[in-house]
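Shown next, in structure tokens, is the structure this report addresses.
Taken together, the values in this text are just the output of simple stated rules run on the coordinates, not laboratory data. Just so it is clear, the structure is predicted and the values come from calculations on it, not from any experiment. A quick note on method: Cβ atoms are made from the backbone with ideal geometry, for glycine too, and the neighbour counts reach across all protein chains shown.
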Amino acid sequence: MNSILVAFSSAAVSTILGTMASIGVNWYKFKGKKFIQTLTYLPMVLPEVIIGISMVIFFSGIHLPLGLFTVFAAHTTFCLPFVFLMVNARLDEFDFSIVEAAHDLGATEKQTMFKVVVPAIMPGILSGFLMAVTMSLEDFVITFFVSGPGSTTLPLYVYSMIRFGVSPVINSLSVIMIIFTCSIAFLCRKGLKGFAAGH
């Protein structure tokens, strides 16, 4: 339950922030744009050990006790760049003329965003969300550093079990996770095909 709670909550937050950041960086000109674009790559290129230690130092510096919230915060920070890149790739193919057409037809900025832009880039948003969920569910190193009492996730639990030998529980868990992952991938593939066909 901890893994599911952290994975979906951090994925949701990182998807919202990553989508907004991608739209802002892709379409608007402002000071520090190149710096922000470079900064988004750091969590992907830095070793997870470095990120985990940095997070522990940061949380310790602001006197935030380690627990489920710190795991959530770390996973959100780690997953955000992946969402950013997924949405950014979709925006690179976006035809800006449909936004101008929406404005010509009297749509407000808010209507254009939620009725034109978001539906058009939805495959990228969904891909980023699913990537974030996957990254969060399987992460061990960062979680190991930032977790506290009562915040044990599935990778940490499996690690603690393996230390005393491989049990049938781990084998069963592996099979369940493989079936679950394949089912989600199959359903999402069908859903995205249907969404693309409808638009």
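Couple of notes before you dig in:
- Model label sites at S60 and D92, defined 7 Å from Cα along the beta-carbon direction, differ in position by 4.0 nm.
- Highest-MSF residue in the chain out of G128, G165, G18 [GNM, Cα springs under 10 Å]: G165
- Top of P155, P168, P47 by mean-square fluctuation, Gaussian network on the chain, Cα under 10 Å: P168
- For the chain, the longest principal axis of the Cα atoms and the long axis of helix 2-27 meet at an angle of about 30 degrees.
- Over the chain, Cα pairs under 8 Å with separation of 6+ residues give a relative contact order of 34 percent.
- Two-site label geometry, E138 and L5: point separation in nm, points 7 Å out along Cα→Cβ: 2.5
- Shown for the chain: lysine pairs separated by 8 or more places, or found on different chains, whose C-alpha atoms are under 28 Å apart, numbering 9.
- Computed from label points 7 Å out along Cα-Cβ, the spacing between H103 and V169 is 5.9 nm.
- Computed from point charges on the beta carbon alone (+1 for Lys and Arg, -1 for Asp and Glu), the dipole magnitude for the chain about its Cα centre is near 20 Debye.
- If the segment from I178 to M44 were pulled out straight at 0.36 nm per residue, it would be longer than the present Cα-Cα gap by 45.8 nm.
- Just so you know, the Rg over Rh for the chain is 1.04, from Cα atoms, with Rh as the Kirkwood radius.
- Pairwise FRET efficiency - V118 versus S160, Cβ, R0 = 35 Å, nearest 0.05: 0.25
- Only Lys, Arg (+1) and Asp, Glu (-1) charged, at Cβ; segment 90-199 dipole about Cα centre in debye: 500
- Span from the segment 154-190 Cα centroid across to the segment 114-148 one, whole angstrom: 19
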